[in-house]
Amino acid sequence: MKGLFRQAGKALKHLELVLILRIRDIYNILMAARREPPAFSSELEEFREIWERAGKRTDISDHLITLFIETLMQKPRLIVELGTRGGDSTFVLERAAKLCRAKFISVDIEDCAQVSKYPDWIFVQKDDIQFAREFKSWCRTHGLEPAIDLLFIDTSHEYNHTLQEIHSWFPWLAERGKVLFHDTNLKYFNFRNDHSMDIGWNNQRGVIRALEEYFGCQFNEKHNFTGVRKNWLIKHWPNCCGLTVLERWGRK
Ligand SMILES: C[S@@+](CC[C@H](N)C(=O)[O-])C[C@H]1O[C@@H](n2cnc3c(N)ncnc32)[C@H](O)[C@@H]1O
């Protein structure tokens, strides 16, 4: 009897998920505005490729162009990405790396070694906190200076883990390093700029709460904001699960 109830429970959960996904699809068909074409045709092929990729709606698609521009503006020599998965952010960062002739390291606990073909890309399959502990000696053996110009963080989205990432990776930032966090406004229902919607999960404000802890203040991640705190210039966009950029303003 118990087994029967368990099976019925599982079937109901599955049905609920299917229903929610259907509602999302119907909502997106009814509500989604047409994607605006670019205001002019960019002469940079990489820009056009990223624009094309961002046309496929994902949990990060709204931020791909911003990620590209923020990276180019940084003129990085070393880029580190924490969290690779299917490689949306990797696609962007490898193009920026190519244009800036930067070394590019991606880290994930899963095997994502096939995601990029960029010759100066190194994939490290490891827990990112463990890798941060080995980063200095790892850089030495790879002939690199452990000074990260651009750090992109998009992993578990959990509060404790994000805090650990901040404390483990920030010491390896270059004097004028920049950090981008995705999922700083993650919720069950997440909306993009074109009003389309995606299903996420409630991470109890994990990433933004870790940033609040680090900066010793509160953020309203549901709105755009910019400001300066602890010698960091902070910029935030709430759409598409949220993106927050930290740029060193003063000395370390
Ligand atoms: C949201 S996905 C990354 C998406 C990717 N940035 C993109 O744009 O397609 C999160 C990834 O973080 C990885 N991850 C989770 N916890 C990790 C950890 N402790 N160390 C390294 N990678 C981790 C997962 O395996 C997963 O592939």
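Quick note: the coordinates plus some simple rules give every number you see, no bench work behind them. Since this is a predicted model, take the numbers as computed values, not measurements. We place every Cβ from the backbone using ideal geometry, glycine too, and count neighbours over all the protein chains shown.
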**Request:** Quick one: order MET197, MET1, MET73 by neighbouring beta-carbon count within 10 Å, fewest to most.
**Result:** MET1, MET73, MET197
**Fill in**
Calc'd 3J(HN,Hα), the range 186-196, phi into Karplus 6.51 cos²θ - 1.76 cosθ + 1.60 (θ = phi - 60°), Hz, glycine/Pro = x, comes to 8, 9, 5, 10, 10, 10, 9, 4, 8, 6, 6
**Complete:** Taking Cα atoms, the helix 159-169 axis meets the longest principal axis of the chain at an angle in degrees (rounded to 10) of 10 degrees
**Request:** List the relative contact order of the chain as a percent without decimals, with contacts defined as Cα pairs under 8 Å and 6+ residues apart.
**Result:** 17 percent
**Request:** Using the Cα centre as the reference, give the magnitude of the dipole from point charges on the C-beta atoms of the chain (Lys, Arg: +1; Asp, Glu: -1; all else neutral), rounded to the nearest 20 debye.
**Result:** 360 debye
**Item:** Under-5 Å amide H pairs with VAL124, H placed in peptide plane, nonlocal only
**Value:** SER106, VAL107, ASP108
**Asked** In the range 87-154, which GluC sites (Glu not before Pro) fall in coil by DSSP and have 10 or fewer other Cβ atoms within 10 Å?
**Response** GLU110
**Asked** In whole Å, how far is the Cα centre of the range 75-133 from that of the range 168-197?
**Response** 16 Å
**Complete:** The helix 206-215 Cα axis meets the longest alpha-carbon principal axis of the chain at an angle in degrees, between 0 and 90 and rounded to 10, of 40 degrees
**Message:** Only Cα pairs within less than 10 Å get springs; with that Gaussian network setup on the chain, which residue of THR155, THR184, THR66 has the largest fluctuation?
**Reply:** THR66
**Asked** Based on the Cα coordinates of the chain, what is the per residue volume of their convex hull in Å³?
**Response** 153 Å³
**Asked** How large is ³J(HN,Hα), in whole Hz, for each residue of the range 145-150 in order, when computed from phi with the Karplus curve 6.51 cos²θ - 1.76 cosθ + 1.60 and θ = phi - 60°, using x for Gly and Pro?
**Response** 8, x, 9, 8, 8, 9
**Request:** For the range 134-223, just the Cα atoms, rotate onto the principal axes and tell me the three extents in Å, largest first.
**Result:** 46, 29, 22
**Request:** Please give the helix 64-74 orientation as an angle from the longest Cα principal axis of the chain, in degrees from 0 to 90, rounded to the nearest 10.
**Result:** 10 degrees
**Message:** Taking each pair of distinct Cα atoms in the range 7-74 once, what is the resulting Kirkwood hydrodynamic radius in Å?
**Reply:** 15.0 Å
**Complete:** Put in order of increasing Cβ neighbours within 10 Å, starting from the fewest, LEU93, LEU163, LEU64 give LEU163, LEU64, LEU93
**Message:** Please check: in the Gaussian network model of the chain (C-alpha springs, under 10 Å), which one of ASP127, ASP25, ASP198 has the largest mean-square fluctuation.
**Reply:** ASP25
**Prompt:** Of LYS75/LYS103; LYS13/LYS56; LYS126/LYS187; LYS178/LYS230; LYS13/LYS222; LYS75/LYS222, which pairs sit farther than 23 Å apart, going by alpha carbon to alpha carbon?
**Reply:** LYS13/LYS56; LYS126/LYS187; LYS13/LYS222; LYS75/LYS222
**Message:** Taking the beta-carbon count within 10 Å as an exposure proxy, list VAL92, VAL207, VAL245, VAL107 from fewest neighbours to most.
**Reply:** VAL245, VAL107, VAL92, VAL207
